[in-house]
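Notes follow once the structure below has been shown.
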Amino acid sequence: MSASVAVYRNIYTEDRFRQSFGTEDKPKAGVRLREKFLGWCRCSRGTCLHLLRERLPIFNWLPKYRLKKWILGDTIAGLTVGILHIPQGMAFALLTSVAPIYGLYTSFFPVVIYMLFGTGRHVSTGTFAVVSLMTGSVVEQLVPTPLELNSSSPEAAAFEAQRIGVASAVALLSGILMLCMFGLRLGFLSTYLSEPIVKAFTSAAAFHVTISQLQSMLGLRLPRHTGPFSLFKTLASVIENLPHTNMAELLISMACLAVLVPVKEVNMRFRRRLRTPIPVEILTVIIATAVAYASSLDSAYDVQIVGHIPAGFPRPRMPAVHTIPDIAGDTVAITFVGYAVSVSLAMIYADKHGYSIHPNQELLAHGISNTLSSLFTCFPSSATLATTNILESAGGYTQLSALFTSLVVLIVLLLIGPLFYFLPKAVLACINVTSLRQMFLQFQDLPDLWRVSQIDFVVWLVTWLSVVMLNVDLGLAIGVVFSMMTVICRTQRAGCSVLGRASNTEIYRPVENHNKCYEVPGVKILTYNGPIYYGNRSFFREDMSRLLGLTPERIRSREKARKALEKREREAVNTVESGVANTSFSSENEFFKSAMSESEVQAVLIDCSSVIFVDVAGARLFIQMCIECQKVGVLIYLSNCNESVLKILTSSGLMNYMNPQHIFVTVHDAVVYIQQQKEKPPENTTTVWV
């Protein structure tokens, strides 16, 4: 079945279209700003309620909570995640180079605060391996681990206080940075960490985590390396000290891996059939603690154990704020990584379940979470991959599941925590390594990424190699810079195409891709597929000159011929006293009466539909192109200019070099106008059959 469309209307220039269909003049910027400011200052009951619901989302979703439908799913999901938080919190505390109890604190306070302020219904916050690893690097730089330290001595307590002071200072500064970003509405900055960067970064960071845990799994007491090439330094140190491996801890690690890996695989393969995943981590922790206690592994075989875990809440205390100048650079990277991962996870599950999140509100939620938690000896927190996935698969519906998660952790903090005294650190190291399964599986996405976009594949590869070869924060910075460079290079080489018209239609497409679209005789229609700015103006000029044949020799020869023709015309009519005509405003009738042949380009039409913005350098290039085209007797026309592009071109003085009536709403309007001027039609209308 085919259909046809007939359109009969006037030709529209931009000015004529604005007069016919444009809106009234907008109020001045000062007036708009004053009105907005007065609107912000107005205070009413409705405004206060709206602000309260916007800044405390719990007052928005809790009154709408469907108790009978959602409470069971939230309860089961929350309890399941809470059980997982206990071993992971203690394990990730080792990555942060602090005592395991601080991992439990970080698994409690941020969870409660995010429940009040967060917009992600399926987001589970707490300790995250990558953020913990980055924080641990900062802690090791400022408070390095002494090789000989008695864990029961007063010096050890002071040493742990110094370490958690630095880690809490990182959390405090990270929270303050997020709150400042919230005040400046900079939630969009997370978009600079594209999906290939985030996946490559987390996959490479998983290697750092694994290598850093080898010494705990083998029972080696080695200093932790930081800075560039730290992964290889750590690996070399582990290989060098392999003869000193503690065989008891090696056997514990092998037994834990033999249990954790298969059960986690069962949880993944049968997650649709299992109502809740098997809590293998907490079961492993309980069994290992019991075995270590019964066998006195710490004294008999020199196995490293967790040690004393105090019961109750920590007392509020100020982090080590004097270290902020030393940790500022690393904290910026930690902040961006934590926020980008959190927002990415929230968006993934929001899209899956059909609701929206607010990136700026997420900044507020995580900013308040890190700031307040730092006062209770917590290190930086964020959304976590494993627990978020389990929360959603276990049937969680809303943020209320965090209440049940925090209750589980609270019970451990108040009652059960001291029972983990004999837990071997090798077990926590194994939990760390096996929790990275999802990050390692991201390698499976590489073939699809290569098939979709080779550039994104290269971005992934460069980021991954940079993080693995150099360091986590430095590699991330290289990945971001390289990704932005690919965007700049793509805009620089956007490419200029010649458009041809499909017969008996108003449709114009590139002739190199459509062999049945033909160029309009005497008119060269060009389109540029990107912005025109200082970075690509030379490439744009090169493409335009090549397609139009605007070589310096041709410009000089045509200018000489034009001047000679004008001189002959003056002599013929005896108008010696008259000056040279203004070619930018000469009539089209005189132009088409010139000595140019029909096969030569007599008019250039630039389709600006793909030009999203133009800067001052690009506008000046337009002026230069107009002058050069006028020298060879070619007129320039524009079409499909958006408001911002047209405003910049007009403000830069382009209208002094071209007729304002040569700017049209569509390509077809301009083509019909040029043809009518060439043929002198009686009416200013066009009929289009499609």
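The values are calculated or read from the model by the stated rules, or taken from the named source; none is laboratory data. All values reported here derive from a predicted model rather than from experimental measurement. So basically every Cβ, Gly included, is an ideal-geometry build from the backbone, and we count neighbours across all protein chains shown. Please note that ligands, DNA and RNA were not included when accessible areas were found on the heavy atoms of the full protein model with its side chains. Shrake-Rupley method; radii C 1.70, N 1.55, O 1.52, S 1.80 Å.
For region 208-251, report the accessible area per residue in Å² (1.4 Å probe, heavy atoms, rounded to an integer).
48
With labels modelled as points extended 7 Å from the Cα through the Cβ direction, what inter-label distance (nm, one decimal) is found for residue 19 paired with residue 620?
My value for the distance between the label points is 3.4 nm.
Using a 1.4 angstrom probe on the protein heavy atoms only, could you order 315, 501, 66, 163 from most to least accessible area?
Per-residue accessible area, sorted high to low, gives 315, 66, 501, 163.
How are the alpha carbon pair distances in region 378-450 distributed across 10 Å bins from zero to the largest one, expressed in percent?
Each 10 Å bin holds this share of Cα pairs: 13, 31, 39, 12, 4, 0.
Classify the chain as rounded, prolate or oblate, taking a ≥ b ≥ c as the square roots of the eigenvalues of its Cα gyration tensor: rounded when a/c is under 1.5, otherwise prolate if a/b is larger than b/c and oblate if not.
Prolate shape, in that a/c is at least 1.5 and a/b is the bigger ratio.
At a Förster distance of 30 Å, what's the computed FRET efficiency of residue 529 paired with residue 643, Cβ-Cβ distance as r, to 0.05?
So the FRET efficiency works out to roughly 0.95.
With +1 on each Lys and Arg Cβ and -1 on each Asp and Glu Cβ, and nothing else charged, work out how big the dipole of the chain is about its Cα centre, in Debye to the nearest 20.
The dipole magnitude comes to about 1380 debye.
Quick one: the Cα spread of region 480-541 along its three principal axes, in angstroms, biggest first?
Result, largest extent first: 48, 20, 16 Å.
Per-residue ellipticity at 222 nm for the chain, helices alone: DSSP H runs ≥ 4 residues times -39500 (n - 2.57), over residue total, nearest 500 deg cm²/dmol?
-19000 deg cm²/dmol
Under a crude label model (7 Å from the Cα following the beta-carbon direction), how far is residue 271 from residue 293 in nanometres?
Roughly 3.3 nm, to one decimal.
Given axes a ≥ b ≥ c from the Cα gyration tensor, I'd like to know whether region 280-387 is rounded (a/c under 1.5), prolate (a/b larger than b/c) or oblate.
Oblate is the answer for region 280-387, as a/c is 1.5 or above yet b/c matches or exceeds a/b.
Hand me the GluC sites (Glu not before Pro) from region 481-545 located in a DSSP loop with no more than 13 other Cβ atoms within 10 Å, in residue order please.
Loop-located and lightly packed - 512.
At 7 Å along the Cα-to-beta-carbon direction for both residue 184 and residue 311, put a label point, then send me their distance in nm to one decimal.
Inter-label distance under the simple model: 4.8 nm.
Quick one: grab the alpha carbon gyration tensor of region 625-668, order the square roots of its eigenvalues as a ≥ b ≥ c, and give me rounded if a/c is under 1.5, else prolate or oblate depending on whether a/b is larger than b/c.
Oblate, since a/c reaches 1.5 and b/c is not below a/b.
Take each uninterrupted DSSP H stretch in the chain, measure its Cα extent along the helix axis, and return the ones at 27 Å or beyond whose mean Kyte-Doolittle hydropathy is at least -0.5.
Taking the DSSP H segments of the chain (at least 27 Å long, mean hydropathy at least -0.5), we get 67-95, 154-183, 195-218, 247-269, 324-353, 472-492.
Accessible area, 1.4 Å probe, largest first: how do 433, 614 sort?
Sorted descending by solvent-accessible area, the residues read 433, 614.
How much of residue 79 can a 1.4 Å solvent probe reach, expressed as accessible area in Å² and rounded to 10?
Near enough 70 Å² of accessible area.
So for 182, 207, 664, what's the accessible-area order with a 1.4 Å probe, most first?
207, 182, 664
Identify the trypsin sites (Lys or Arg not before Pro) of region 200-307 meeting these criteria: DSSP loop state and at most 13 other C-beta atoms within 10 Å of the C-beta.
272, 273, 275
Given a 1.4 angstrom probe, what's the average accessible area per residue across region 382-454, in square angstrom?
Heavy-atom SASA per residue in region 382-454 reads 38 Å².
Say the cut-off is 18 Å between C-alpha atoms; which of 567/631; 560/631; 524/678; 524/563 go over it?
Violating the 18 Å Cα-Cα cut-off are 524/563.
With both bridge residues required to lie in the chain, what share of the DSSP beta bridges run antiparallel, to the nearest 5%?
Roughly 60 percent of the beta bridges in the chain run antiparallel, per DSSP.
Per residue, what accessible area does region 261-328 have, given a 1.4 Å probe and all protein chains present, in Å²?
I get 65 Å² per residue for this part.
Which FRET efficiency value, to the nearest 0.05, do you get for residue 300 and residue 195 by plugging their Cβ-Cβ distance into 1/(1 + (r/R0)^6) with R0 = 45 Å?
The computed FRET efficiency comes out at 0.35.
Pop out the carbon and sulfur fraction of the accessible area of the chain as a percent, whole number, probe 1.4 Å.
Ligands and nucleic acids excluded, carbon and sulfur reach 62 percent.
What is the calculated FRET efficiency for residue 54 to residue 564, with r their C-beta to C-beta distance and R₀ = 56 Å, to the nearest 0.05?
After rounding, the FRET efficiency stands at 0.15.
Return the whole-Å distance between the Cα centroid of region 440-463 and the Cα centroid of region 222-295.
Between the Cα centres of region 440-463 and region 222-295 lies a distance of 29 Å.
Can you give the relative contact order of the chain as a percent, counting alpha carbon pairs under 8 Å and 6+ residues apart?
Across the chain, relative contact order equals 22 percent.
Taking +1 at the Cβ of each Lys and Arg and -1 at the Cβ of each Asp and Glu, which of 657, 314, 194 sits farthest along the dipole of the chain towards its positive end, judged by Cα position relative to the Cα centre?
The one lying farthest along the dipole's positive direction is 657.
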